[in-house]
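The values are calculated or read from the model by the stated rules, or taken from the named source; none is laboratory data. As the structure is a computational prediction, the values presented were derived from the model and not from experiment. So basically every Cβ, Gly included, is an ideal-geometry build from the backbone, and we count neighbours across all protein chains shown.
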Amino acid sequence: MSFRTLRDIKVEGHRVFLRADLNVPIKEGVIKDATRINETMATLTHLLEHGASVVLCSHLGRPKGEGFEAEFSMAPVAEYLKGKGLDLRLASGVTGEKVEAEAAALKPGQVLLLENLRFDKGETKNKPEFAQALARLADTYVDDAFGASHRAHASVSGMVPFMPAGRAVAGFLMEKELKALGKVMHDPEKPLLAVMGGSKVSDKIDIIRHFFGKADAILIGGAMTFTFLKAKGIAIGNSLCEDDKLELATALMKESEAAGTRLLLPSDHVVAAAISADAECDITQDAAVPDGKMGLDIGPETVAAYAGEIRKARTILWNGPMGVFELEPFASGTLTMAEEMADAADKGAFVVVGGGDSVSAANKAGVTKRMSHVSTGGGASLEFLSGLELPGVEALR
């Protein structure tokens, strides 16, 4: 994929519109996790150190789109960034003459943080007049919000055609995401392995299908396992199952075989009568789950088989946990897989972690920093890896 990056342009003396993902959890005015803000600091710092002024913006939560709502104000984000030593002020709004005057008054090294983009419905509706109003605030556009790139919103794609030619580029975080995910998609070192977990087959249809013929093997875990097993006529007890997706599961298994990609299912499970931190657990003798029990983690035989596949792979994509890893009785499978993938990365394999639950599991296992790339993209990562076009990425071509 060809796209321009921040490395391709000079920013000294320019006013840069930086679309970041600052959608952080805030409770009672206090930021609970600043990871997304910190991830874009490299881009922001580069711009300021190279003589640009910056109009910084993001969405935050889900306001009604009918004007200012204190609960969703960017004020806590502004205070956090000021605490990092930035010369920053919070804008009086999102667009309009007053905001344009505030942007025009910026000097090199200064930042104007717009109020929540979603205070105006023009953002999510991608209204041209709103996109044009945003474009009037700067002469250069930098997109560092990969996590929002699957949204056809005004600040993500709609305003780009209104920017000067050649002045719309990817920031460092966006560049990092596109290169890492693009390597898995288009230039993986073989063998390529996909580790897929989660609760629903329906959530992962596109990404599973997209790896048929590309991946040497796909390892299936999590509750979606049982839709596949039931489709094969194997008893699943009280395990979660999408009964309306049994035909789909059968079709996917046939498609994988025809494409030459091995689709591997668990051969044993950790089972219990209920999802509880103090549940009494058993390990099944085979893939069948007894009546009255539900499968809540992969069993030791499956762990050993999957570990063997991971050790052979040179490129690995992990999207979704192997079980209910949040509870100790059902965490072992997921955490062991995380450790195996980190070991693979230590030995030179390219390992990408995508999806919120996978990132949480990697954090719980304490292996996040050992992975080759941990995507911040969430839904955007899933859509990109499914082969779908992302409006925010297409706008940068």
Checklist entry - Hey, among GLU129, GLU115, which residue is acidic (Asp, Glu), in contact with a Gly (Cβ under 9 Å, 6 or more places away or on another chain), in a loop (DSSP other than H, G, I, E, B) and closer than 24 Å to MET163 by Cα? => result GLU115
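Yes/no matrix, rows are residues, columns are (1) closer than 19 Å to ALA331 by Cα; (2) exposed (fewer than 14 other Cβ atoms within 10 Å of the Cβ); (3) not assigned by TED's automatic domain parsing to the domain that holds LEU219:
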site	(1), (2), (3)
ALA258	no, yes, no
LEU263	no, no, no
ALA277	yes, yes, no
VAL289	yes, no, no
GLY292	no, yes, no
LEU296	yes, no, no
THR302	yes, no, no
ALA307	yes, no, no
ILE310	yes, no, no
Checklist outcome for this item: Note on segment 18-60: residues loosely packed, with under 13 Cβ neighbours inside 10 Å and at positive phi are GLU28, GLY29
Item to check | ARG15 being surrounded by 14 or more Cβ atoms within 10 Å (Cβ to Cβ), modelled with pLDDT under 95 and of a type outside the set (Val, Ile, Thr) | outcome: no
Item to check | Residue list for segment 128-171, filter: over 24 Å from ALA105 (Cα atoms) and aromatic (Phe, Trp, Tyr) | outcome: PHE146
Checklist outcome for this item: Within segment 317-334, the residues that are surrounded by 21 or more Cβ atoms within 10 Å (Cβ to Cβ) and outside any loop (DSSP other than H, G, I, E, B) are LEU317, TRP318, ASN319, PHE330, GLY333, THR334
Checklist outcome for this item: Here the residues within segment 115-129 that are polar (S, T, N, Q) and over 14 Å from ALA70 (Cα atoms) are THR124, ASN126
Checklist entry - Considering ALA361, ALA305, ALA342, which residue is modelled with pLDDT under 95, part of a helix (DSSP H, G or I) and not β-branched (Val, Ile, Thr)? => result ALA361
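Every residue, every condition in (1) out of contact with any helix residue (DSSP H, G or I) (no Cβ under 9 Å at 6 or more places or on another chain); (2) modelled with pLDDT of 95 or more; (3) of a type in the set (A, V, I, L, M, F, W, C), yes or no:
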| position | (1), (2), (3) |
| --- | --- |
| LYS254 | yes, yes, no |
| ALA258 | yes, yes, yes |
| THR261 | no, yes, no |
| PRO266 | no, yes, no |
| CYS281 | no, yes, yes |
| ALA287 | no, yes, yes |
| PRO290 | yes, yes, no |
| GLU301 | yes, yes, no |
Checklist entry - Can you name the condition, by its number, that GLY348 falls short on among (1) farther than 24 Å from ALA170 by Cβ; (2) modelled with pLDDT under 95; (3) part of a loop (DSSP other than H, G, I, E, B)? => result (2)
Item to check | Residue count for segment 342-367, restricted to those that are within 19 Å of LYS183 (Cβ to Cβ) and not small (Gly, Ala, Ser) | outcome: 7
Next on the checklist: Let me confirm something: among VAL160, VAL169, which residue is among the β-branched types (Val, Ile, Thr), within 23 Å of GLY93 (Cα to Cα) and assigned by TED's automatic domain parsing to the domain that holds PHE119?
Outcome noted: VAL160
Checklist entry - Which one is farthest from GLY109 (Cα to Cα), of the residues in segment 41-62 that are part of a loop (DSSP other than H, G, I, E, B) and either modelled with pLDDT under 95 or out of contact with any Ser or Thr (no Cβ under 9 Å at 6 or more places or on another chain) (or both)? => result ARG62
Next on the checklist: Being closer than 16 Å to MET74 by Cα and surrounded by 20 or more Cβ atoms within 10 Å (Cβ to Cβ) is the filter here; which residues of segment 91-117 pass it?
Outcome noted: ALA91, VAL94, THR95, VAL99, VAL111, LEU112, LEU113, LEU114, GLU115, ASN116, LEU117
Checklist entry - Across segment 63-96, what is the total count of residues that are more than 14 Å from LEU112 (Cβ to Cβ) and not in a helix (DSSP H, G or I)? => result 10
Item to check | Residues located in segment 287-337, provided they are over 29 Å from HIS186 (Cα atoms) and among the acidic types (Asp, Glu) | outcome: ASP291, ASP297, GLU301, GLU326, GLU328
Checklist outcome for this item: The correct count of residues that are modelled with pLDDT under 95 and assigned to a helix (DSSP H, G or I) in segment 370-386 is 7
Checklist entry - Hey, any hits in segment 202-216 for a residue that's over 21 Å from ILE275 (Cβ atoms) and touching a Lys or Arg at 6+ places or on another chain (Cβ under 8 Å)? => result yes
Next on the checklist: I need a count of the residues in segment 321-351 that are farther than 17 Å from HIS373 by Cα, hydrophobic (A, V, I, L, M, F, W, C) and out of contact with any Ser or Thr (no Cβ under 7 Å at 6 or more places or on another chain).
Outcome noted: 5
